[in-house]
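Only one structure is covered here, and it is reproduced in the block below.
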Amino acid sequence: MRRYRWCWVALVVGLAAGMTGMTRGAENEAAQRPATEWKLVWNDEFEGTGIDKARWDFDIGNGFYAGARQWISGWGNDELQYYTRDSANAFVKDGMLHIRALKQALHGCAYTSARLKTRQKDGSPLFRQKYGKFEFRAKLPTGQGIWPALWMLPQAETYGAWASSGEIDVLEARGQEPTKVLGTIHYGSRWPLNTHASTDYILPGRSTIAGFHVYALEWEPGAIRWYMDGHRYASRSFWWSSSKSAGGKAVLPRSEGDLHPWPAPFDQPFYLIMNVAVGGKFLGNPDRTTVFPAELVVDYVRVYEKVGGYGKPKPRGQGKLPFSSP
């Protein structure tokens with residue numbers, strides 16, 4: 001560039017800057033627009049004045065029953081929040097959904113928050129889907145002990161209690177690590193003999209989860225892929241599911257015959273969940289540096305189906321089954 005007079009330098013630099021802006025704009029647009037092989041089948045753009053009850057219901061409390069009598073507090077993770085359906089914890093404003101964790105005592109818990117799901121309290125579906133592309137545009141809260149997540153659970157526990165019937169985490173993050181997100185699947189036998197596979201992704205440049213990003217997951221028979229802003233950062237084609245038990249307790253499978261047919265458990269309809277948890281074993285508890293409210297803001301949720309269908313399951317990929325030789 002030094003061979004040119006300063007005016008030409010200025011012109012070229014100006015054009016380059018303009019092209020860079022166009023390129024970044026195109027990249028952002030591409031991250032939000034799926035390839036033509038996907039067709040939109042369900043979405044929420046949060047354009048109304050409130051949360052759409054035909055799309056979303058709430059989990060309430062600080063735990064759940066595993067079976068008829070066993071109460072699991074802290075949602076199985078020693079979480080500290082009490083989930084409500086109060087408008088202080090979840091509301092729609094300016095075309096976006098806000099899920100807000102507050103430092104506020106309620107029913108013996110030090111914090112309140114919200115957990116929305118496309119499944120009603122009685123278990124009936126509001127929305128569920130087997131396979132497809134699942135896309136969220138959101139910005140996440142940060143801070144020690146803050147745990148935002150966009151994820152999915154099976155509509156019915158076809159293969160047994162968690163995690164025999166699976167769990168798919170499109171996105172989760174530890175608030176104290178604002179430059180990193182995780183994509184995870186949980187599978188295997190019923191707790192405590194469950195297992196999981198997870199991939200960390202470090203955001204490029206100076207990006208953090210506090211800014212808006214598009215988090216997406218493509219799920220096909222025998223294959224699951226994770227994306228952020230259009231960049232694929234993880235893929236999985238190995239998992240297994242077993243309901244084998246003895247004396248009412250889970251036991252590890254001893255042969256292929258003890259497994260549900262591939263690609264179980266990820267061959268059943270799943271429903272969507274969005275929440276902000278506080279504290280627990282996954283990331284530790286808040287401290288004096290944690291700022292509240294801690295807010296997850298969701299611009300949209302979009303779900304697609306693949307044009308032309310999915311075909312036969314891809315073969316199980318490489319991995320170690322519980323009964324495999326070392």
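The values are calculated or read from the model by the stated rules, or taken from the named source; none is laboratory data. Just so we're clear, the structure is a prediction, and the values are computed from it rather than from any experiment. A quick note on method: Cβ atoms are made from the backbone with ideal geometry, for glycine too, and the neighbour counts reach across all protein chains shown. These area figures cover heavy atoms from the full protein model, side chains too; ligands, DNA and RNA do not enter into them. Shrake-Rupley method; radii C 1.70, N 1.55, O 1.52, S 1.80 Å.
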Practice task
With the condition kept exactly as written, say whether any residue in the range 241-258 is part of a loop (DSSP other than H, G, I, E, B), open to solvent by 50 Å² or more (accessible area, probe 1.4 Å) and charged (D, E, K, R).
Solution key: yes
Practice task
May I ask you to verify whether Arg302 is of a type in the set (Lys, Arg), assigned to a strand (DSSP E or B) and either modelled with pLDDT under 95 or crowded, with 20+ Cβ neighbours inside 10 Å (or both)?
Solution key: yes
Exercise for the section: Confirm whether Thr195 is open to solvent by 40 Å² or more (accessible area, probe 1.4 Å) and in a loop (DSSP other than H, G, I, E, B). Expected result: no
Fill in the blank from the handout: Residues of the range 48-91 being aliphatic (A, V, I, L, M) and either more than 20 Å from the chain's Cα centre (by Cα) or assigned to a loop (DSSP other than H, G, I, E, B) (or both), in sequence order, are Ile51, Ala54, Ile60, Ala66, Ala68, Ile72, Leu80, Ala88
Problem - Residues located in the range 289-309, provided they are under 19 Å from Ser87 (Cβ atoms) and small (Gly, Ala, Ser) - result: Ala294
Fill in the blank from the handout: Only one of Glu135, Glu167 is at pLDDT 95 or above, open to solvent by 10 Å² or more (accessible area, probe 1.4 Å) and either over 17 Å from Met274 (Cβ atoms) or of a type outside the set (Val, Ile, Thr) (or both), namely Glu167
Completion exercise
Only unsatisfied item for Ala105, checking (1) among the small types (Gly, Ala, Ser); (2) open to solvent by 70 Å² or more (accessible area, probe 1.4 Å); (3) outside any strand (DSSP E or B), is (3)
Handout entry: Subset of the range 125-179 that is among the acidic types (Asp, Glu) and in contact with a strand residue (DSSP E or B) (Cβ under 8 Å, 6 or more places away or on another chain) - its residue that is nearest to Gly222 (Cα to Cα)
Key = Glu167
Practice task
Would you mind telling me which numbered condition in (1) under 19 Å from Arg302 (Cα atoms); (2) in a strand (DSSP E or B); (3) not polar (S, T, N, Q) Phe127 fails?
Solution key: (2)
Handout entry: Among residues of the range 267-296, those that are within 17 Å of the chain's Cα centre (by Cα), assigned to a loop (DSSP other than H, G, I, E, B) and either modelled with pLDDT under 95 or surrounded by 20 or more Cβ atoms within 10 Å (Cβ to Cβ) (or both), counted
Key = 1
